[in-house]
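As structure tokens, the structure follows; a few thoughts come after it.
The values are calculated or read from the model by the stated rules, or taken from the named source; none is laboratory data. Since the structure is predicted, the reported quantities are computational estimates derived from the model, not experimental observations. No Cβ is skipped: glycine too gets one built from the backbone with ideal geometry, and neighbour counts run over all protein chains shown.
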């Protein structure tokens, strides 16, 4: 075996070892190809704004086109004059309940459980207590109050105004009412 | 001959030099890329450039060959209705003097990026001009001032609003004891209920204080003219769509006058021709400097501004002789009318009288009040009141009163003003030079200036306060006919700034109050009242205007004595000898307020095509008398002031009259605008926008002007087509608009485009007024870089859409034609055939697409493009873009790097957005749903885009007119962009012109 052959094998082994190494550094980039442009995509970081991100909440009191919420009760669940909304503005038709079941399944069951009894994954796995929505306390609340809690959260529960649009929130309220009706008051734990 | 091919014997020329075929230009830019086009800027040679690059390349090799780490910063508390990546629109209002323009602003994740017109607002109706489009760049200007500055004892130190508040509280308490004697407030003109309420409160708190309004080029002359004629200051609002015969006396109502958007819309509506049965209005223009309105005219007369008053007076006598009820006594002497006018004035008067009830006379802000008073009487005699023109009370408004600024400066010189508060404006720059405002300011004990940047005035005051941009402040404004709208902020103030309203509230109430609260107080007290306040407020905020808030027109009575006096004053020949100088509101920087805006500075002047400069515009004869050519520096002397400005010879400029744009020659505005052009204010003798007694002399030096007019040549091709209305009507049937020269022999197999969407565009040259709004809209939408004056001189401007200007006729009496030229999106694109790397290819919807990442910069495509619409990035123009300006970039459009070719895409990002929206709703794209930026902003609706496979679409209907033609059709490029020939409507009785 020649010396040259040995060098090659040794070099090959070293290269193989290197290939196994991981690096914390970003990948090499020889031709930038306009990958990084001097513009800001959504959620980009910014050195200019104090928040560190380029996204800015709109100034208080402004109204975007299409965001005119003239029906105060529909969008907040309450009105200044008459307090919480008692009757669900979406009604409780078949389609509304079906939509509510689907949305409830996505957003509510992880904590409150499929039957809304507070026995969701969060309780069964992590033993974190969540509200039992079948309780008398919740049954007596007007629809608008429940809508408001979904909108802005309560205690440990975060606000769901961002992922759930108002129509779906009302649908969830309608579905919750059917769950409460199905479960007899005594069956609650 | 087809009715819309180029008229036989009519020659079009791009400039005087081209017409005379002077060697200085034809040698220069004959090639696609001017000699030395590969040279770097600022005269660096390739060798020095490589030397410098060597160092930076070596560093780059070490540091940045790894991909930069990008972070994501989501909202901690996301606003309910804002989804990242989905732009939203907000209605707001841009106040400008006593006018206001309703806008819709596109916000990307809470930052304004693109400005459009608000279709609901009466002054914009969905259109936006260049000043509005470019406002977003002013918001993100890195040269804006960032905090309060205090200057005492010659030293400047940073301070705070709290410090100013405590300063003012003490000062105000002292001033209150004397009733505000020695206190003066200098503001800009406004038309706003909240400003008016605060102004009243200020005057109530300090009864002896002065409130002076200074506006360098406002509409005060119009209001004063109507005050003389009727007893109350009124604002005339023209309804051009109702007018059949229009006469403009020095009024550039399509561009420089207030509310030009509404005027342009109405004017185009009166000229829209869909078939040979349609009627067109007729426009006569008498003006000194060539304006857009002059270019749109059917008959134009160039006359110095000083003689236009006597024309108005002579017209009054002509109309009276025709039996119209002009309320003037019989014993008036005939005014001296220039011989050049001769019989033409009588012909014009007969035409106006014949369309009584649909005739309109307009006078420009350059003309004195007497002319406006007389014009009001003429319109009444022509039965135009209530039809072609209506009069509106100036509600909640303040405007400059004649002589008020002179009195204030005199009081400052005399030392009787101890506290001067300047709310906006830049008086050191804009107050006529002979008043010596800067010295007077030195005699004021305490001076305060609210200003967006550290300008000429800010450097001399005790307190500099940063002023909020209208996109970050609350406010309200009234449009011309009285509609109230709210100014809604799009973003919180970027710096420690306050709006005019916030400063005034502080001055009145000794407290730092948020603008929203102040505006709501006004609306609660006097605009909306208590009933359902929230609901109506929200509706007005959402819509961008308060419906039915215009109080309606008034029916004034003319005072015969005043009209007689106005007649005599107008008829009196202007005294003074020598040349006349006319001060123009700049198409770009207005009165100087937009001087640091790169988009506007690089926008070519519609008439002269000058960028990054102002020049003394001269007629060819005047220039010959002085012995100057374009680019030679003139020395201008008026009274005791002297100024040097480059000359620019413009055919059609009134002989004996020199025009110079205001607002240039700034010394402290920022990196973009400092030292650009000449400061015309130094020459301006008073409030008037023209003066006589100018002396002009050669200096023998030259100044390079960055003109875009010479870039590209027309080689006597048939690019512009027009016909008279009469010829168009008599032309039998839809003749083929294009006469094919030779048989096309295609090189490749022809593709058919029969399925799916096939995009196309039609540009109606009959509606285009050449106002440049589309160019600015395109620049804002497509992240088109600014290249600077030096690069423009080399022919490297990057505008994807340009507006070509052609002269026609004799050089003594030329006409101007405009032609917007975007990419033609040829079906047989010559650029695609020569690209060696397939960087420019066709898609199935007929778009000629440019793949930036494939482009290696051979520039073959640009060389082979017949229309010269491709632009090459000779440098990385955006590499050093400040962080703040990156906020203005449209995230939906790639920012091109060095060495890449780019061109108009028909706003492909908007096409895809429209297709996505339609797909989400399970339907096809509706006609008119996708509008490129140029179409969207066009005030006259000249540009129409749509699907060629939809026989009902507007673009197909336009293209099926027999005025339709394509550029350079003989090349068989099959452009998707086509033009509709221009029509004009000359008076067959016009002397010296062949009848149609």
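Could you tell me which residue of the stretch B:95-111 is farthest from the chain's Cα centre (by Cα), considering only residues that are within 12 Å of another protein chain (Cβ to nearest Cβ) and farther than 19 Å from residue B:468 by Cβ?
That would be B:109.
Is it the case that some residue within the stretch A:67-77 is facing chain B (nearest Cβ under 7 Å), closer than 30 Å to residue B:885 by Cα and at pLDDT 80 or above? Before the answer, list the steps.
Filtering the stretch A:67-77 for residues facing chain B (nearest Cβ under 7 Å) gives A:67-68, A:70.
When the remaining residues are screened for being closer than 30 Å to residue B:885 by Cα, the result is A:67.
Next cut, at pLDDT 80 or above only: A:67.
Looking through the stretch A:67-77, at least one residue is facing chain B (nearest Cβ under 7 Å), closer than 30 Å to residue B:885 by Cα and at pLDDT 80 or above.
I'd like to check which strands (runs of 3 or more DSSP E) are fully inside the stretch B:903-996 and have at least 3 residues that are farther than 24 Å from residue B:868 by Cα. Explain how you work it out, then say what you get.
Working: elements: B:943-947, B:977-980, B:982-984.
No strands (runs of 3 or more DSSP E) qualify here.
Which one is nearest to the other protein chains (Cβ to nearest Cβ), of the residues in the stretch A:30-52 that are at pLDDT below 80 and surrounded by 10 or more Cβ atoms within 10 Å (Cβ to Cβ)?
A:33
Here's the yes/no breakdown for (1) modelled with pLDDT of 95 or more; (2) more than 22 Å from the chain's Cα centre (by Cα); (3) surrounded by fewer than 22 Cβ atoms within 10 Å (Cβ to Cβ); (4) under 21 Å from residue B:616 (Cα atoms):
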{"site": "B:217", "(1), (2), (3), (4)": "no, no, no, yes"}
{"site": "B:235", "(1), (2), (3), (4)": "no, no, no, no"}
{"site": "B:241", "(1), (2), (3), (4)": "no, no, yes, no"}
{"site": "B:248", "(1), (2), (3), (4)": "yes, no, no, no"}
{"site": "B:252", "(1), (2), (3), (4)": "no, no, no, yes"}
{"site": "B:291", "(1), (2), (3), (4)": "no, no, no, yes"}
{"site": "B:308", "(1), (2), (3), (4)": "no, yes, no, yes"}
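Between B:550, B:566, B:562, which is in contact (Cβ under 8 Å) with a residue 60 or more places away in the chain, part of a loop (DSSP other than H, G, I, E, B) and closer than 30 Å to residue B:373 by Cβ?
B:550
Got at least one residue in the stretch B:518-531 being crowded, with 20+ Cβ neighbours inside 10 Å, under 31 Å from the mean Cα position of the chain (by Cα) and within 13 Å of chain A (Cβ to nearest Cβ)?
Within the stretch B:518-531, one or more residues are crowded, with 20+ Cβ neighbours inside 10 Å, under 31 Å from the mean Cα position of the chain (by Cα) and within 13 Å of chain A (Cβ to nearest Cβ).
Output the helices (runs of 4 or more DSSP H) that fall wholly within the stretch A:110-189 and possess 3 or more residues being farther than 23 Å from residue A:86 by Cβ, or say none. Show your work before the answer.
Values: elements: A:121-126, A:136-140, A:143-152, A:166-182.
Correct list: A:121-126.
If residue B:795 satisfies all but one of (1) in contact (Cβ under 8 Å) with a residue 60 or more places away in the chain; (2) buried (at least 22 other Cβ atoms within 10 Å of the Cβ), what's the number of the condition it fails?
Here residue B:795 clears every test but (2).
Just checking, how many residues over the stretch A:53-66 are in contact with a strand residue (DSSP E or B) (Cβ under 9 Å, 6 or more places away or on another chain) and more than 7 Å from chain B (Cβ to nearest Cβ)? Spell out the reasoning first.
Pass one, the stretch A:53-66, residues in contact with a strand residue (DSSP E or B) (Cβ under 9 Å, 6 or more places away or on another chain): A:53-56, A:58, A:62-66.
After this cut, where a residue has to be more than 7 Å from chain B (Cβ to nearest Cβ) as well, the list is A:66.
Summing the residues that are in contact with a strand residue (DSSP E or B) (Cβ under 9 Å, 6 or more places away or on another chain) and more than 7 Å from chain B (Cβ to nearest Cβ) in the stretch A:53-66 gives 1.
On the given criteria, is residue B:894 out of contact with any helix residue (DSSP H, G or I) (no Cβ under 8 Å at 6 or more places or on another chain), in a loop (DSSP other than H, G, I, E, B), within 14 Å of chain A (Cβ to nearest Cβ) and at pLDDT below 95? It would help to see each step written out before you state the result.
Values: out of contact with any helix residue (DSSP H, G or I) (no Cβ under 8 Å at 6 or more places or on another chain): no; in a loop (DSSP other than H, G, I, E, B): yes; within 14 Å of chain A (Cβ to nearest Cβ): yes; at pLDDT below 95: yes.
So residue B:894 fails the test.
Filter the stretch B:405-422 for residues that are closer than 16 Å to residue B:446 by Cβ and surrounded by fewer than 16 Cβ atoms within 10 Å (Cβ to Cβ) and give the result.
Keep residues of the stretch B:405-422 that are closer than 16 Å to residue B:446 by Cβ, which gives B:408, B:411-412, B:415-422.
Hits for the stretch B:405-422 are B:415, B:416.
(1) surrounded by fewer than 22 Cβ atoms within 10 Å (Cβ to Cβ); (2) at the interface with chain A (Cβ under 9 Å from one of its Cβ atoms): which one isn't true of residue B:119, the others all being true?
(2)
Which condition breaks for residue B:853 when tested against (1) away from every other protein chain (no Cβ under 14 Å); (2) part of a helix (DSSP H, G or I)?
The number of the failed condition is (1).
Per-residue answers, yes or no, for (1) surrounded by 21 or more Cβ atoms within 10 Å (Cβ to Cβ); (2) away from chain A (no Cβ under 14 Å); (3) under 26 Å from residue B:768 (Cβ atoms); (4) out of contact with any strand residue (DSSP E or B) (no Cβ under 6 Å at 6 or more places or on another chain):
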{"position": "B:812", "(1), (2), (3), (4)": "no, yes, yes, yes"}
{"position": "B:824", "(1), (2), (3), (4)": "yes, yes, yes, no"}
{"position": "B:829", "(1), (2), (3), (4)": "yes, yes, yes, no"}
{"position": "B:865", "(1), (2), (3), (4)": "yes, yes, yes, yes"}
{"position": "B:868", "(1), (2), (3), (4)": "no, yes, yes, yes"}
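So which of B:200, B:256, B:184 ends up being part of a loop (DSSP other than H, G, I, E, B) and within 27 Å of residue B:430 (Cα to Cα)? Steps first, answer last, please.
Working: B:200 fails: part of a loop (DSSP other than H, G, I, E, B); B:184 fails: part of a loop (DSSP other than H, G, I, E, B).
Of the residues listed, the single one that is part of a loop (DSSP other than H, G, I, E, B) and within 27 Å of residue B:430 (Cα to Cα) is B:256.
Just to check your reading of the model, which residue among B:312, B:346 is within 28 Å of residue B:280 (Cβ to Cβ) and buried (at least 18 other Cβ atoms within 10 Å of the Cβ)? Steps first, please.
Numbers: B:346 fails: buried (at least 18 other Cβ atoms within 10 Å of the Cβ).
So the residue among B:312, B:346 that is within 28 Å of residue B:280 (Cβ to Cβ) and buried (at least 18 other Cβ atoms within 10 Å of the Cβ) is B:312.
Among B:351, B:331, which is the only one that is under 34 Å from the mean Cα position of the chain (by Cα), surrounded by fewer than 22 Cβ atoms within 10 Å (Cβ to Cβ) and either touching a residue at least 12 places away in the same chain (Cβ under 8 Å) or not in a strand (DSSP E or B) (or both)? Walk me through how you get there before you give the answer.
On the way: B:331 fails: under 34 Å from the mean Cα position of the chain (by Cα).
That would be B:351, the only listed residue that is under 34 Å from the mean Cα position of the chain (by Cα), surrounded by fewer than 22 Cβ atoms within 10 Å (Cβ to Cβ) and either touching a residue at least 12 places away in the same chain (Cβ under 8 Å) or not in a strand (DSSP E or B) (or both).
Can you tell me how many residues in the stretch B:113-139 are touching a residue at least 60 places away in the same chain (Cβ under 8 Å) and more than 13 Å from residue B:778 (Cα to Cα)? It would help to see each step written out before you state the result.
Going through the stretch B:113-139, the residues touching a residue at least 60 places away in the same chain (Cβ under 8 Å) turn out to be B:113-118, B:120-131, B:133-139.
If we keep only those that are more than 13 Å from residue B:778 (Cα to Cα) too, we end up with B:117-118, B:120-127, B:131, B:135-139.
Count: 16.
Please count how many residues of the stretch B:870-891 are touching a helix residue (DSSP H, G or I) at 6+ places or on another chain (Cβ under 8 Å) and within 13 Å of another protein chain (Cβ to nearest Cβ).
The total comes to 3.
Please determine whether any residue of the stretch B:912-922 is surrounded by fewer than 19 Cβ atoms within 10 Å (Cβ to Cβ), in contact with a strand residue (DSSP E or B) (Cβ under 8 Å, 6 or more places away or on another chain) and away from chain A (no Cβ under 14 Å).
Within the stretch B:912-922, the first condition is being surrounded by fewer than 19 Cβ atoms within 10 Å (Cβ to Cβ), and the residues that meet it are B:912-922.
When the remaining residues are screened for being in contact with a strand residue (DSSP E or B) (Cβ under 8 Å, 6 or more places away or on another chain), the result is none.
The answer is no; no qualifying residue exists.
Could you list all residues from the stretch B:67-94 that are under 28 Å from residue B:132 (Cα atoms), facing chain A (nearest Cβ under 10 Å) and outside any loop (DSSP other than H, G, I, E, B)?
B:88, B:89, B:90, B:91, B:92
If you take the residues of the stretch A:78-99 that are farther than 19 Å from residue B:80 by Cβ and part of a strand (DSSP E or B), which of them is farthest from the other protein chains (Cβ to nearest Cβ)?
Here the residue is A:84.
Give just the number: which of (1) in a loop (DSSP other than H, G, I, E, B); (2) in contact with a helix residue (DSSP H, G or I) (Cβ under 8 Å, 6 or more places away or on another chain); (3) at pLDDT below 90 does residue B:733 not satisfy?
Single failed check for residue B:733: (2).
What number of residues within the stretch B:492-505 satisfy the criterion of being within 13 Å of chain A (Cβ to nearest Cβ) and either surrounded by 24 or more Cβ atoms within 10 Å (Cβ to Cβ) or part of a helix (DSSP H, G or I) (or both)?
Count: 1.
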